[in-house]
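Everything on this sheet refers to the single structure shown next.
The values are calculated or read from the model by the stated rules, or taken from the named source; none is laboratory data. Treat the numbers as computed from the prediction; the structure is a model and nothing was measured. These area figures cover heavy atoms from the full protein model, side chains too; ligands, DNA and RNA do not enter into them. Shrake-Rupley method; radii C 1.70, N 1.55, O 1.52, S 1.80 Å.
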Amino acid sequence: MSTAHAAAAKHEESFPVFGGRMHYIDGYTPVSLVAPHSSLERTITWVGMGLCLSGLAGVGMLVFGLATRPNLGGQENPTFYVILGLIVTAVLFIGGALAIHKGRADYRQYRKETGRLH
């Protein structure tokens, strides 16, 4: 009797199983690090975060270029630093954002298949 009840309860779950992978009991929120859809275990996610953090070096170059105007006795050509800072910042931030987006692909698929938000 209890087996039939458990089978009936399994069919009444509010969230479907995620692609034949680990099955979660209704109401359980999986721990991020051990979940099969975790973004934290993917290298591309961490590379993306590293790229975003490295983009701060470009922001530093941009600020340096803006702060060293010739009329203040600074660098002779601050425009070079401003342009280089803008390019480095844009490339690293955009590259990092794309890498993080790719790293979270499994989570987006999990959310789409199950309807869960965690």
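Here is a check on your reading of the model: is R111 over 14 Å from the mean Cα position of the chain (by Cα) and either among the charged types (D, E, K, R) or on the phi > 0 side of the Ramachandran plot (or both)? Against the criterion (over 14 Å from the mean Cα position of the chain (by Cα) and either among the charged types (D, E, K, R) or on the phi > 0 side of the Ramachandran plot (or both)), R111 qualifies. If the condition is being in a loop (DSSP other than H, G, I, E, B) and not charged (D, E, K, R), then the range 84-118 contributes G115, L117, H118. Answer with yes or no whether E113 is open to solvent by less than 90 Å² (accessible area, probe 1.4 Å) and modelled with pLDDT under 75. Judged against the criteria, E113 is not a match. Inside the range 75-100, residues that are open to solvent by 40 Å² or more (accessible area, probe 1.4 Å) and over 25 Å from the mean Cα position of the chain (by Cα) make up a count of 8.
The condition (being at pLDDT 90 or above and either of a type in the set (A, V, I, L, M, F, W, C) or open to solvent by 70 Å² or more (accessible area, probe 1.4 Å) (or both)) is satisfied by just one residue among A57, A35, A67: A57.
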